[in-house]
Structures are given as structure tokens and as C-alpha cells.
1. Would you point out which residue out of B:Glu142, B:Glu87 is surrounded by fewer than 21 Cβ atoms within 10 Å (Cβ to Cβ), within 14 Å of chain A (Cβ to nearest Cβ), in a helix (DSSP H, G or I) and of a type in the set (D, E, K, R)?
2. Only one of (1) charged (D, E, K, R); (2) over 24 Å from B:Gln146 (Cα atoms); (3) crowded, with 16+ Cβ neighbours inside 10 Å is not met by B:Glu116, so which one is it?
3. Would a scan of segment B:1-18 turn up a residue that is open to solvent by 60 Å² or more (accessible area, probe 1.4 Å) and of a type in the set (Val, Ile, Thr)?
4. If you go through segment B:158-202, how many residues are away from chain A (no Cβ under 11 Å), over 17 Å from the mean Cα position of the chain (by Cα) and of a type in the set (Lys, Arg)?
5. Can you name every residue in segment B:90-113 that is assigned to a loop (DSSP other than H, G, I, E, B), open to solvent by 50 Å² or more (accessible area, probe 1.4 Å) and out of contact with any Gly (no Cβ under 9 Å at 6 or more places or on another chain)?
6. Those residues that are open to solvent by less than 30 Å² (accessible area, probe 1.4 Å) and within 14 Å of another protein chain (Cβ to nearest Cβ), I need them from segment B:246-269; list them, please.
7. Search segment B:194-217 for residues being out of contact with any Phe, Trp or Tyr (no Cβ under 6 Å at 6 or more places or on another chain) and in a loop (DSSP other than H, G, I, E, B), and hand back the single one that is farthest from the ligand (Cβ to nearest atom).
8. Is it the case that segment B:161-173 has a residue that's open to solvent by 40 Å² or more (accessible area, probe 1.4 Å), within 16 Å of the ligand (Cβ to nearest atom), under 22 Å from B:Met204 (Cα atoms) and not in a loop (DSSP other than H, G, I, E, B)?
Amino acid sequence: MKSRSAETILDESYLETRAKLLEVAAILDRIDRANGEGGRLPGDAAKRREQLTQAINILLTDSADRAEQIQQLFSREYDPDWRATFGLLPEHASNSAPQSRES
Amino acid sequence: MDFIDPHLHMVSRTTDDYETLARMGCVAISEPAFWAGFDRGSADGFRDYFEQLTAVEPKRAAQFGIQHHCWLCINAKEAENVSLSREVIAMIPEFLDRPGVLGIGEIGLNKNTKNEATVFLEHLDLAIEHDQLILIHTPHLEDKYQGTRMILDMLCDDSRINPDRVLVDHVEEHTIGEVLDRGFWAGMTLYPVTKCTPDRAADMIERFGGERLLANSAGDWGVSKPTAVPDLIYQMRRRGCDESLIRRVVHDNPSEFFAKSGKFAAPVR
Ligand SMILES: [Zn+2]
């Protein structure tokens, strides 16, 4: 695949990214305004607000897979023993044990 | 460019959409059986739906020179009702020999429950018993990662399943790697809000290459865009991607995968 230079990509997406950042900033301002000074979000909402902060922190890192990390942040956890928990252990088992696959 | 949309719910779309798709180069569509927006009251409701998928839609598509194919199952949402699911699964073989049927799908998980997993496993038995291809729906948003891992467990724990005959759909950045690594085909769904944009899909193609990768609109009765695949073609061209890579993802890969059913040949102009 012919790849564009980093400079070209930045040029092409600069205004779009600026607009998206402004959108996020305005949403956070809106939440704060509605909450009033020193106001606290109730339990579940506070957790979700904290998740947004964590996502923003991921953006500040230098890693190569920020999109994947943000996806993981907003994902429910996977339990490798779920089949035992559900009582649905394999009938036509293949050679590899399911537990061994979790990295 | 000629393209195939491998996941498009045309029963929910207008005839005008068929015409627009044809104008944009769509040569074939595959339509998985899915949730109608309400829970159906009986297995007969599904019988009528399968009739629509296998008899009515192919005729509607043919008016515009588009091939229409389909997949049959009870979707993951209604699979929460295990007894209804068993009735529907028992009826599906009546339809499997119809010309447009490519396999069993879109089966999968929705909220990752025990009932959904039970019905998923019974669909796998059905597919294996009748030597059918499988198309898989992975859940959305916070349920996607967990649900995809559970689905991959069920597929990989079953020695009868050949990954080369299974397409795992709605992959995103956190699920695509594992699906491809284990030898399955992967579908990226381009959707306005909850799924993946053409730009992010193009990123995944850049990162993973074009092998066993497909793109679809999953257009349905909700906010969606049936012409999303041409959006991806446009985006890839803007990036300077090779035409051969674009064609591979939007045409050759779906053709190759569908042909494994023995019932698909890509239209020749
Ligand atoms: Zn669908």
C-alpha cells in the first residue's frame, strides 16, 4: 500500500481533529455547568465520567494502538472460565484446552 | 468499481436503495437473518421471513441486476427464548436447499448470556450437520470484546469447525487481530454511530492487509447507510491505496468466501 506521509495525514485531518477536540471540550463544559460548582455526579454517572477521563489520558500516551486501548477501556471483562460458569463445557473438544489460550 | 455488500438487510430498505446501490456498482448482496425490531411471536413468523429472504428479495434485487443471497437463523436477540429458537432451528433445513442460501447466520451473541450461548452452539450443530458456511454477529459496544472472545472459544473448542468456512462480523480494533490470527474471515461494519467509520476501516486494512478481510454496511431499519461500502472505496482511493487491494476487500474476498457454499459465482459483466 502506498502510504501518505505523516505530514500529509496531519494536514488533511488537522481541522477535523481540532473540531472533534472542541466538541469534547464543550461537552465536558456542559456537564460541569449542569452539575454546578462543587456538585458531584451520582455513582454510576461518576464512574462513566471517570472513564472519559481515562480515555483522554490514553490519547496523551505515545503508544501505537490508542484506538484499541480505548476500545478495551470501554469493554466488559472476558472471563476465560465462562463455559464452566454457564455449565456449557465443550462436547466436541478440540486438542487445545480453552484455559491455555488466555494470554 | 464493482462491489459486493456481504451484510445488508434489504427487507428493511426501499426499492430505491436497490437502484442507488446498482448505480454505485453493487453487483451482489448477502442478507443475514436478523432481528426485525420486535420479537416475533412464533416460529411461523420466521417461516414467512425466510420465505421473504429466499423468494421475494432475490426478485426485487434482480430488477436492478443485483444478485441477492441470504443466511438463515434465529438472531442472537431472540435466541434468549430457547424453546422458540429450537422450533426455528428445526424448521431451517426446509429452506437450506434453496438457491440463494449461503449458510447459517447471522448467529452470535447479544448480551453474552447463557441462553444465547446455548442457541449459538445448537446453530453450530445445525451448520455442521448440513455442511453450511457460518456468518457470525458479534455484539456491540461494551459487550463486543467479551462476546467475541466467547464466540471464538465456542468455535475453537469444536474440532468439527473449519475456520476457513466462518465469517466473524462487526470486528473492530480490539477484536480483529484475534479473529484473523485464528484463521477466520473477518467483516468490518461501516456504521454512522456505534460501529466503525470508513476511515477506521481503512486503518485496519492498512494494519492487517487485505487477506480474509471484508467490509459491509449492515444497513437495516435503524440509522444506517446502505451505500457505506462505496464510502470506503472512496476513502481508500483518497489515501492512495492500490486498486487491487480495494477490489480485493470489496469484491474478491466476499466472492471467494461465498463460493465455498457451492452456490455463488461472482457476476461477470
Ligand atoms: Zn446484521
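1. Being surrounded by fewer than 21 Cβ atoms within 10 Å (Cβ to Cβ), within 14 Å of chain A (Cβ to nearest Cβ), in a helix (DSSP H, G or I) and of a type in the set (D, E, K, R) holds for just one of B:Glu142, B:Glu87, which is B:Glu142.
2. (2)
3. yes
4. 0
5. The answer is B:Asp97, B:Arg98, B:Pro99.
6. Selection gives B:Ile246, B:Val249.
7. B:Gly209
8. Among the residues of segment B:161-173, not one is open to solvent by 40 Å² or more (accessible area, probe 1.4 Å), within 16 Å of the ligand (Cβ to nearest atom), under 22 Å from B:Met204 (Cα atoms) and not in a loop (DSSP other than H, G, I, E, B), which makes the answer no.
The values are calculated or read from the model by the stated rules, or taken from the named source; none is laboratory data. Remember, it's a predicted structure, so these values are computed and weren't measured experimentally. Reconstructed Cβ throughout: ideal geometry from the backbone, glycine too, with neighbour counts over all protein chains shown. Side chains included, ligands, DNA and RNA excluded: accessible areas come from the protein's heavy atoms. Shrake-Rupley method; radii C 1.70, N 1.55, O 1.52, S 1.80 Å.
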